[in-house]
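The values are calculated or read from the model by the stated rules, or taken from the named source; none is laboratory data. Keep in mind the model is a prediction, meaning the values are calculated, not measured. Methodologically, a virtual Cβ is constructed for each residue, glycine included, from the backbone with ideal geometry; neighbour enumeration extends over all protein chains shown. For the accessible areas, the whole protein counts, side chains as well, though only heavy atoms, and no ligand, DNA or RNA atoms are used. Shrake-Rupley method; radii C 1.70, N 1.55, O 1.52, S 1.80 Å.
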Amino acid sequence: MAIQRSTTTAKASPERTGTWATTNTVDPLSSDSIKESIVRHLQFTLAELPKHVDNKWEPYVSMALAVRDRLIESWIQTQESYYHQDAKRVYYLSLEFLMGRTLGNAMLNLGITEACGKALSDLGYTLEDLRDAEWDAGLGNGGLGRLAACFVDSLATLQLPAYGYGIRYEYGIFHQRIVNGVQVEVPDTWLEYGNPWEIPRHTDLFSVKFYGRVHQRQEPNGRLKTDWVDFEEVLAMPYDTPIPGYKNGTVNTLRLWAAKASRDFDFRNFNSGDYRGAVEQKMRSENISKVLYPNDNLPEGKELRLKQEYFFVSATLQDVIRRYKKQQKLHPNPDGGLFARFADRNALQLNDTHPALAIPELMRLLLDVEGLGWDEAWDITQNTCGYTNHTVMPEALERWTVSLMGRVLPRHLQLIYEINERFLRTVRARFPGDDARCRRMSIIEEGGEQRVRMANLAIVGSHSVNGVAALHSQILMETVFPDFVEMWPKKFNNKTNGITQRRWLLKSNPKLSTLITGAIGDGWITDLFQLKKLMPLASDAAFQEKWRAVKRANKERLALEISAQYKKRGAPLTVNLDSMFDCQVKRLHEYKRQLLNALHAITLYNRIKANPKGVYTPRTILFAGKAAPGYHQAKLIIKLINSIGDVVNNDSDVGDRLKVVFMADYRVSLAEKIFPASDLSEQISTAGTEASGTGNMKFSLNGALTIGTMDGANVEICEEVGAENIFIFGMLTEEVRALQGKYRPAQWAEQNAELHQVLEMISNGSFSPGERDLFKPIVDSLLHHDEYMLLADYGSYIACQEKVSLAYRDPTTWTKKSILNVAQMGKFSTDRTISDYAREIWGVTPVRP
Ligand code: NBX
Ligand code: IMP
């Protein structure tokens with residue numbers, strides 16, 4: 001359905017008096033109307049005149065507001081239709097939404113990119129000019145946060161009644177600078193100039209409580225009533241961002257909460273005479289939404305983080321219940337209590353365990369506030385919640401100490417104990433006398449300091465538990481949670497991740513999009529399986545030629561970006577456009593094995609040095625990614641990569657046959673430039689460690705071939721594109737498992753002369769002149785522990801890279817494989833992922849506004 005283009009009339013709400021009706025006589029999506037709107041915002045919202053503007057920010061904001069205006073009517077209509085049609089709603093609860101930029105996406109979804117371009121050119125600007133004025137909304141760390149952003153896009157495009165709920169961090173993921181090869185973190189002040197996409201809702205506040213104690217008393221009717229007393233109160237204020245579907249009239253909501261000190265609290269404290277103490281407390285409570293925790297796959301266990309998790313869960317659930325009650329009033333249910341249909345009208349999806357407090361919080365609201373009994377409340381909770389797991393690494397599972405939980409959330413700790421007791425009773429009934437099983441399954445970890453295992457809580461309190469790729473789900477069921485699977489086999493399922501093609505092809509790679517649409521039509525934009533129609537063109541010489549020209553142009557664009565960045569760093573660098581762009585872009589983590597890629601780079605360097613006259617396939621090896629600020633080993637790996645670059649890039653024997661590049665500040669907007677320009681995608685995690693990966697899909701959708709292990713979603717990519725169109729190497733999960741316990745990495749180093757030489761160079765200061773021992777910790781760790789078995793996979797990796805180099809020398813075959821990769825990416829659209837969640841977990845269906 002297309003956006004309404006004709007004359008529009010805003011109707012007055014029936015219960016209000018007065019004449020609200022207005023008429024709009026021009027087509028709001030025409031370039032004239034858009035231009036008028038930009039100028040009006042510049043003048044009346046920003047109090048500026050076009051002739052006086054000397055920056056890009058103000059025209060960008062005016063443009064953004066003009067586009068936002070064009071979403072509002074559909075937004076309101078969409079929300080009204082959810083009420084009118086008594087829709088079942090889905091809530092995606094996530095501590096992270098890595099949205100990136102909004103302008104380009106909003107224009108595409110409204111179908112007004114061209115009109116906007118024309119309007120701007122009349123005013124003397126181009127879209128490209130203004131694009132870079134927008135800050136990335138970087139409210140996430142990596143895959144988990146970006147997945148949430150792709151999900152809300154697909155939810156709107158599929159016209160599902162859905163919401164994203166999270167935190168409006170004042171500081172998103174830090175910016176990364178590279179100074180002397182070292183990562184330096186710079187705060188992300190993305191809201192400094194304001195955010196034109198968000199609508200603050202100053203009147204829709206909820207109160208969230210912390211600390212205090214629990215007080216139980218008998219009510220006159222004999223029931224036990226629980227009160228939470230002596231608490232500290234913080235207010236949650238929502239900020240709404242519109243999430244438009246693709247040209248379909250649906251506009252959903254991303255609602256992010258900001259913490260505000262309560263007035264009541266100000267008043268009490270400021271009048272007590274302790275002014276400074278009161279100010280400090282106010283600031284402390286507003287700190288809750290101040291900053292995103294920058295760790296991925298390693299929880300910090302800090303009190304503030306626990307408060308963030310509870311703050312957003314509590315505000316969200318109060319809002320969900322408010323909306324449910326309102327909808328029940330419009331569509332009364334004569335039989336059954338007010339909450340009888342709650343689970344029929346609401347689905348909550350927990351993005352990892354970060355929002356798992358939703359389980360005890362929903363119980364608390366139903367029991368203590370709404371007055372339901374335990375059994376009814378528990379049924380509702382279990383039937384409403386679903387839990388998605390994103391990691392199998394034990395150190396990444398959240399476990400809050402009981403003492404912290406009891407202090408910050410006394411009522412919730414009590415509820416968790418009660419949930420656990422009832423749960424363990426059912427375990428004992430099923431498996432009498434099996435104490436070991438009870439200890440393993442308990443929500444409370446004993447032995448040492450008591451902890452709350454959030455994954456166990458999430459499993460017990462949900463009706464669905466899913467992993468994010470077939471292999472990951474299998475590992476979850478076989479080795480991480482086998483006891484739970486035995487207890488509830490039907491609860492467990494797989495939902496393989498995806499990506500939205502609207503951002504990761506249509507918007508980020510306009511040239512390839514145009515070529516594809518010219519060949520097969522534009523159906524792929526909302527039905528990615530249609531890319532299959534490219535198959536017959538894979539060997540078509542003329543089509544191949546155009547395909548290569550697109551890749552070339554994208555490489556030119558990235559090369560300019562690289563040169564600009566290195567120039568700023570004072571280390572000018574030109575990359576060879578004929579070289580293979582070999583890219584690994586993702587968070588820095590030992591299990592992802594950027595170091596293995598670095599060992600390959602040194603190996604290539606050594607080969608060139610040993611035989612400078614040899615024939616080599618030129619490569620530009622590009623890395624990008626942030627390391628958690630406290631993750632020293634990861635930061636040292638960044639330094640090593642940059643140091644290898646310093647040596648290799650300045651060696652005249654090497655010339656333009658090899659460059660090692662580290663691009664700073666990997667983020668959504670940079671990713672959008674890298675994927676379209678890459679030839680080779682590095683997906684080389686140790687088998688069994690990467691839950692899914694989604695970067696792997698973005699590369700493949702943009703025509704890069706993959707070198708990868710049989711890990712995460714690589715397994716399914718291989719299945720889709722066929723083994724002949726992907727480069728697979730390394731141990732399988734079972735082989736990794738079999739080697740654990742008896743692995744002697746030093747022996748692998750001794751047996752491979754090239755590997756031995758590479759390690760020797762890293763430890764003898766070849767890449768750290770003047771600081772010989774700088775990288776010794778890396779080599780020590782490899783030789784003595786090598787937790788992720790880089791040395792065991794090195795030989796197979798190098799051999800596989802030789803096959804890649806050889807294949808790249810034959811452009812016809814390479815291009816054919818590239819086209820066949822793109823053609824077979826249909827499965828990896830989040831449209832498919834979300835349809836599966838909607839049908840198999842949430843039970844929701846589309847609502848057309
Ligand atoms: O989630 C990632 C996985 O590592 C990927 O394999 C997967 O593709 C992706 C989406 O399912 N996990 C991830 O990004 N985790 C975090 O960012 C994270 C953040 C905070 C935290 C724990 C993990 N406390
Ligand atoms: P919420 O979903 O209750 O947060 O409301 C979001 C939007 O839905 C509001 O701003 C209104 O545009 C619309 N809305 C609110 N209440 C009603 C209603 O009772 N009927 C239809 N639409 C409503």
Which residues, counting only those in region 767-812, are of a type in the set (A, V, I, L, M), open to solvent by 10 Å² or more (accessible area, probe 1.4 Å) and assigned to a loop (DSSP other than H, G, I, E, B)? LEU774
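Are there helices (runs of 4 or more DSSP H) fully within region 496-612 with at least 3 residues that are of a type in the set (Gly, Ala, Ser) and over 30 Å from MET761 (Cα atoms)? List them. Give the derivation first.
Numbers: elements: 510-520, 541-568, 594-610.
Helices (runs of 4 or more DSSP H) meeting the threshold: 510-520, 541-568.
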Taking VAL408 as the residue in question, decide whether it is among the β-branched types (Val, Ile, Thr), touching a residue at least 60 places away in the same chain (Cβ under 8 Å) and open to solvent by 20 Å² or more (accessible area, probe 1.4 Å). no
Do we find a residue being under 30 Å from PRO355 (Cβ atoms), of a type in the set (A, V, I, L, M, F, W, C), more than 16 Å from ligand 1 (Cβ to nearest atom) and without any contact (Cβ under 8 Å) to a residue 60 or more places away in the chain anywhere in region 67-79? yes
Just checking, which of SER829, SER818, SER768 is within 30 Å of LEU350 (Cα to Cα) and either small (Gly, Ala, Ser) or touching a Ser or Thr at 6+ places or on another chain (Cβ under 9 Å) (or both)? SER829
Which residues, counting only those in region 598-623, are within 11 Å of VAL660 (Cα to Cα) and small (Gly, Ala, Ser)? ALA598, ALA601
Among the residues in region 106-122, are any crowded, with 23+ Cβ neighbours inside 10 Å, within 16 Å of ligand 1 (Cβ to nearest atom) and either modelled with pLDDT of 95 or more or closer than 27 Å to VAL392 by Cβ (or both)? no
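Quick one: which residue in ALA436, ALA429, ALA396 is crowded, with 16+ Cβ neighbours inside 10 Å and not hydroxyl-bearing (Ser, Thr, Tyr)? Spell out the reasoning first.
On the way: ALA436 fails: crowded, with 16+ Cβ neighbours inside 10 Å; ALA429 fails: crowded, with 16+ Cβ neighbours inside 10 Å.
Exactly one of ALA436, ALA429, ALA396 is crowded, with 16+ Cβ neighbours inside 10 Å and not hydroxyl-bearing (Ser, Thr, Tyr), namely ALA396.
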Selection within region 608-620 - within 20 Å of VAL804 (Cα to Cα) and either in contact (Cβ under 8 Å) with a residue 40 or more places away in the chain or among the β-branched types (Val, Ile, Thr) (or both): ILE608, VAL615, TYR616, THR617, PRO618, ARG619, THR620
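Can you tell me which residues in region 65-95 are charged (D, E, K, R), near ligand 2 (Cβ under 10 Å from one of its atoms) and open to solvent by 20 Å² or more (accessible area, probe 1.4 Å)? It would help to see each step written out before you state the result.
Step one: of region 65-95, the residues charged (D, E, K, R) are 68-70, 73, 80, 86, 88-89.
The next check asks that each one be near ligand 2 (Cβ under 10 Å from one of its atoms); those that pass are 80, 89.
Across region 65-95, the qualifying residue is only GLU80.
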Could you run through region 692-718 and say how many residues are acidic (Asp, Glu) and either farther than 16 Å from THR833 by Cα or surrounded by 24 or more Cβ atoms within 10 Å (Cβ to Cβ) (or both)? 1
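Any residue at all in region 150-161 that is within 21 Å of GLN308 (Cβ to Cβ) and out of contact with any helix residue (DSSP H, G or I) (no Cβ under 7 Å at 6 or more places or on another chain)? Spell out how you get there, then give the answer.
In the first step, residues of region 150-161 are kept if they are within 21 Å of GLN308 (Cβ to Cβ); the result is 151-152.
From what is left, the residues that are out of contact with any helix residue (DSSP H, G or I) (no Cβ under 7 Å at 6 or more places or on another chain) are 152.
Checking region 150-161: at least one residue is within 21 Å of GLN308 (Cβ to Cβ) and out of contact with any helix residue (DSSP H, G or I) (no Cβ under 7 Å at 6 or more places or on another chain).
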With criteria (1) closer than 19 Å to VAL804 by Cβ; (2) without any contact (Cβ under 8 Å) to a residue 24 or more places away in the chain, LYS568 comes up short on (1)
Which numbered condition trips up LEU577, out of (1) closer than 30 Å to CYS800 by Cβ; (2) in contact (Cβ under 8 Å) with a residue 40 or more places away in the chain? (2)
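Looking only at region 638-662, count how many residues are touching a helix residue (DSSP H, G or I) at 6+ places or on another chain (Cβ under 8 Å) and open to solvent by less than 10 Å² (accessible area, probe 1.4 Å).
If we filter region 638-662 for residues that are touching a helix residue (DSSP H, G or I) at 6+ places or on another chain (Cβ under 8 Å), which is where we start, we get 640-641, 644, 647-648, 651, 653-654, 657-662.
From the residues that got through so far, the ones that are open to solvent by less than 10 Å² (accessible area, probe 1.4 Å) too are 640-641, 644, 648, 654, 658, 660-662.
Count: 9.
Hey, can you tell me all the residues within region 80-92 that are away from ligand 1 (no atom under 15 Å from the Cβ) and not in a loop (DSSP other than H, G, I, E, B)?
Of region 80-92, the ones away from ligand 1 (no atom under 15 Å from the Cβ) are 80-91.
GLU80, SER81, TYR82, TYR83, HIS84, ARG89, VAL90, TYR91 - these are the residues of region 80-92 that are away from ligand 1 (no atom under 15 Å from the Cβ) and not in a loop (DSSP other than H, G, I, E, B).
Looking at ALA691, ALA704, which one is closer than 22 Å to LEU534 by Cβ and either over 17 Å from the mean Cα position of the chain (by Cα) or among the hydrophobic types (A, V, I, L, M, F, W, C) (or both)? Break it down stepwise before answering.
Numbers: ALA691 fails: closer than 22 Å to LEU534 by Cβ.
Going through ALA691, ALA704 in turn, the sole match is ALA704.
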Tally time: how many residues in region 289-304 are surrounded by 19 or more Cβ atoms within 10 Å (Cβ to Cβ) and part of a helix (DSSP H, G or I)? 1
Number of the condition not met by GLN328 [criteria: (1) within 16 Å of ligand 2 (Cβ to nearest atom); (2) touching a Phe, Trp or Tyr at 6+ places or on another chain (Cβ under 8 Å); (3) open to solvent by 10 Å² or more (accessible area, probe 1.4 Å); (4) of a type outside the set (Val, Ile, Thr)]: (2)
Report whether or not LEU338 is over 24 Å from GLU840 (Cα atoms), open to solvent by 30 Å² or more (accessible area, probe 1.4 Å) and either in a loop (DSSP other than H, G, I, E, B) or more than 16 Å from ligand 2 (Cβ to nearest atom) (or both). yes
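If I go through region 293-349 residue by residue, how many of them are of a type in the set (Asp, Glu), farther than 24 Å from SER207 by Cα, away from ligand 1 (no atom under 16 Å from the Cβ) and in contact (Cβ under 8 Å) with a residue 40 or more places away in the chain? Let's see the steps before the verdict.
Filtering region 293-349 down to residues of a type in the set (Asp, Glu) leaves 296, 300, 303, 309, 319, 335, 344.
Next cut, farther than 24 Å from SER207 by Cα only: 296, 300, 335, 344.
Narrowing further to those that are away from ligand 1 (no atom under 16 Å from the Cβ): 335, 344.
Filter again for in contact (Cβ under 8 Å) with a residue 40 or more places away in the chain, leaving 344.
The number of residues fulfilling the criteria is 1.
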If you scan region 138-188, which residues turn out to be within 22 Å of TYR631 (Cα to Cα) and acidic (Asp, Glu)? GLU185, ASP188
Can you tell me which residues in region 456-486 are assigned to a helix (DSSP H, G or I), closer than 21 Å to ASN497 by Cα and free of Cβ contacts under 8 Å to residues at least 40 places away in the same chain? SER473, GLN474, MET477, GLU478
The lone condition TYR163 fails out of (1) in contact (Cβ under 8 Å) with a residue 60 or more places away in the chain; (2) open to solvent by 20 Å² or more (accessible area, probe 1.4 Å) is (2)
Residues of region 173-231 being closer than 25 Å to PHE312 by Cα, within 27 Å of the chain's Cα centre (by Cα) and in a strand (DSSP E or B), in sequence order, are HIS175, ILE199, PRO200, PHE206, VAL208
Inspect all residues belonging to region 93-100 and state whether any of them is within 16 Å of ligand 1 (Cβ to nearest atom), under 30 Å from GLY695 (Cα atoms) and among the charged types (D, E, K, R). yes
Could you please let me know if GLU449 is among the charged types (D, E, K, R), open to solvent by 10 Å² or more (accessible area, probe 1.4 Å) and more than 27 Å from the chain's Cα centre (by Cα)? yes
Is there any pair with a first residue in region 242-265 that is without any contact (Cβ under 8 Å) to a residue 24 or more places away in the chain and a second that is among the β-branched types (Val, Ile, Thr) and surrounded by fewer than 22 Cβ atoms within 10 Å (Cβ to Cβ) whose Cβ atoms are under 7 Å apart and which are 6 or more apart or on different chains, and what are they? none
